[in-house]
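Chemist: Take this structure, written in structure tokens, and hold onto it; I'll ask about it next.
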Amino acid sequence: QVLLVESGGGLVQAGGSLRLSCAASVRTFSDYAVGWFRQAPVKEREFVASISWTGGTTAYSYSAKGRFTISRDNTNNMVYLQMNGLKSEDTAVYYCAADRHRLTRSHLDYEFWGQGTQVTVSS
């Protein structure tokens, strides 16, 4: 079982930055690949970024590429999402998710989820 807790969301003006954190309560965090997803009202949950078990491989959605950076610290059981150049369309609840075996862009492939953190970007 993996307990994930997101933090760092908030209200920011367009063009601003936020750093989301995801803290994992698990014995060996490097056993899990991690993804960030987001869900806006009346929209489906969508992929934002992912990072492999040891952090050597990352992937981004088209909208996140060049603006967001995912990273992890396995010593401290943390994953981060640095978000720069925020736009109003980035407004959503952001979730981190973990899975022992899979590293994909589909939210259906991740077993463990946090409760989410709200990001609101004002234009």
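The values are calculated or read from the model by the stated rules, or taken from the named source; none is laboratory data. Keep in mind that what you see is a predicted model, and the values were worked out from it rather than measured. Note that we place each Cβ from the backbone using ideal geometry, even for glycine, and neighbour counts take in every protein chain shown. Ligands, DNA and RNA are stripped out before the accessible areas are found, and what is left, the full protein with its side chains, is counted by its heavy atoms. Shrake-Rupley method; radii C 1.70, N 1.55, O 1.52, S 1.80 Å.
Chemist: Can you work out which of the residues in the stretch 55-105 that are over 20 Å from residue 17 (Cα atoms) and charged (D, E, K, R) is surrounded by the fewest Cβ atoms within 10 Å (Cβ to Cβ)?
Modeler: 73
Chemist: Which ones in the stretch 9-51 are loosely packed, with under 15 Cβ neighbours inside 10 Å and either in a strand (DSSP E or B) or under 15 Å from the mean Cα position of the chain (by Cα) (or both)?
Modeler: The answer is 10, 11, 13, 17, 19, 25, 40.
Chemist: Let me ask something else about it. Can you run down the residue pairs with Cβ atoms below 9 Å, 6 or more apart or on separate chains, where the first is in the stretch 1-24 and at positive phi and in contact (Cβ under 8 Å) with a residue 24 or more places away in the chain and the partner is surrounded by 12 or more Cβ atoms within 10 Å (Cβ to Cβ) and among the hydroxyl-bearing types (Ser, Thr, Tyr)?
Modeler: 8/21; 8/80; 8/94; 8/117; 10/117; 10/120
Chemist: Name the pairs: first residue in the stretch 88-116 and under 22 Å from residue 8 (Cβ atoms) and modelled with pLDDT of 95 or more, second residue open to solvent by 20 Å² or more (accessible area, probe 1.4 Å) and among the hydroxyl-bearing types (Ser, Thr, Tyr), Cβ to Cβ under 6 Å, at least 6 apart or on different chains?
Modeler: Once the first residue is under 22 Å from residue 8 (Cβ atoms) and modelled with pLDDT of 95 or more and sits in the stretch 88-116, its partners that are open to solvent by 20 Å² or more (accessible area, probe 1.4 Å) and among the hydroxyl-bearing types (Ser, Thr, Tyr) give 88/123; 91/120; 113/95; 114/95; 116/95.
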